[in-house]
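Each remark here refers to the structure printed beneath this line.
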Amino acid sequence: MLTKLLARLIAPICMLLAQPHLAAAAEEPLRIGLIVPLTGGQASTGKQLANAVKLYMSENGDTVAGRKIEVIVKDDGAVPENTKRIAQELIVNDKVGIIAGFGITPAALAAAPLATQARIPEIVMLAGTSIITERSPYIVRTSFTLAQSSVIIGDWAARNGIRKVATLTTDYAPGNDALQFFKARFLAGGGEIVDEVRVPLVNPDFAPFLQRIKDAKPDALYVFVPGGQGGNFMKQFSERGLDKAGIRIIGPGDVMDDDLLNNMGDAALGTVTAHMYSAAHNSPKNKAFVAAYGKMFGSRPGFVAVGGYDGIHLIYQALKKTDGNSDGDMLVEAMKGMKWESPRGPISIDPDTRDIVQNIYIRKVEKVNGELYNVEFATFEAVKDPGKTSK
Ligand code: PHB
């Protein structure tokens, strides 16, 4: 009697275990938590990241090495406490195997201990402070570092007749990197800094500082504001007449994001920046990317979109290499040293630092067929992050 009862209870369990799809973890979807700012001052950058991932998946399908890819998009509003809470929920409740996105440095840093603890990759698609990749062995970056472009524009300015520079940088980690690395090269090249202004990240009002800078009469204003803020900055720059006063803008390319550039007006003409991507980059790969992005979203992709597009590509390629195995250590190992052609040009992941190695281009804003573009005129090949402390 008792044995019969037991047999009846056990039978359905045995049947369940016998079903192959329940046993084979490799066939389960791989969930990616894409944490980006979709509200607040950085919203346009989160939109670019989400768009780029969507575009890539529409071009490459949603199955890799037998694994279905599911992207869960979450808005952190670029508030690091939100990032941390969301990352925790995604890892614990949604069982994501990868976290990605990260519109600002504090967000990328807030998630780092969680990636380490859960042993899952954290793919940084935008944030650009050098130290980020040192905060977890699971962080891999597909964007850039501010140091990469700031040293190049610092040398360029000193060698191209710019003697007196005022600086305006956003007062947080990437702005401090941008300032430090620019200054080191520009001062070494014989330049002089006549004023240094730092503006807050949230709701910056540039106007009072711009008046002060106008009065200081520098040859150029070195600017770092994070992607998404360039339009507002340029509006205030031209309203205060700094362009008419002959003060040119130089900097890392964030301020001239292609996403916003064409609406900045002629005050942007002649701006020289160093950066890793221009929508005008002359390659078949980029032309196809710009056309496909424009077709899908009705706008021009900027450097932020490229970081997202390459970030999801990196995940796809790593998963192919592991044959669909999403073990975090295996995926990060597979990502190390990976090389491919991005819309920005050739790129790779430095196997020692897990940071991106890429060309940095010097570009000048010009009108091409009636539209404003960052036209590249010099290339520095395969630039590693000069800002690493441990390497
Ligand atoms: C950052 O917070 O690290 C960051 C964000 C946007 C940029 C550059 C850096 O354009």
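The values are calculated or read from the model by the stated rules, or taken from the named source; none is laboratory data. What you see is a predicted model, and the numbers here were worked out from it, not measured in a lab. Using ideal geometry, Cβ is built from the backbone for each residue, glycine included, and neighbour counts are taken over all protein chains shown. Protein only, heavy atoms only, side chains kept; ligands, DNA and RNA dropped before computing areas. Shrake-Rupley method; radii C 1.70, N 1.55, O 1.52, S 1.80 Å.
Structure notes:
- Calculated diffusion of region 78-181, Stokes-Einstein form, Kirkwood radius summed over Cα pairs, 4 °C and 1.567 mPa s, µm²/s: 87
- Annotation: per residue accessible area for region 54-207 equals 37 Å², rounded to a whole number [probe 1.4 Å, protein chains only].
- Counting only DSSP H runs of at least 4 residues, each contributing -39500 (n - 2.57), and dividing by the residue count of the chain, the helix-based mean residue ellipticity at 222 nm comes to -13000 deg cm²/dmol.
- Mean Kyte hydropathy of 0.0 or more with a Cα span along the axis of at least 30 Å, helices from DSSP in the chain: none
- The 1.4 Å probe gives accessible areas that order Lys339, Lys68, largest first, as Lys339, Lys68.
- Remark: accessible surface ordering of Thr129, Thr379 (largest first) is Thr379, Thr129, probe radius 1.4 Å.
- Met256 contributes an accessible area of around 0 Å² to the protein surface, as traced by a 1.4 Å probe with all chains present.
- Computed from the Cβ-Cβ distance with R0 of 41 Å, the FRET efficiency linking Val73 to Val368 stands at 0.80.
- Computed with a 1.4 Å probe over protein heavy atoms only, the accessible surface of region 310-375 comes to 37 Å² per residue.
- With every protein chain in place, the chain: carbon and sulfur % of accessible area (1.4 Å): 53
- Cβ-Cβ distance of Glu239 and Asn282, R₀ of 25 Å, FRET efficiency by 1/(1 + (r/R0)^6): the value works out to about 0.15.
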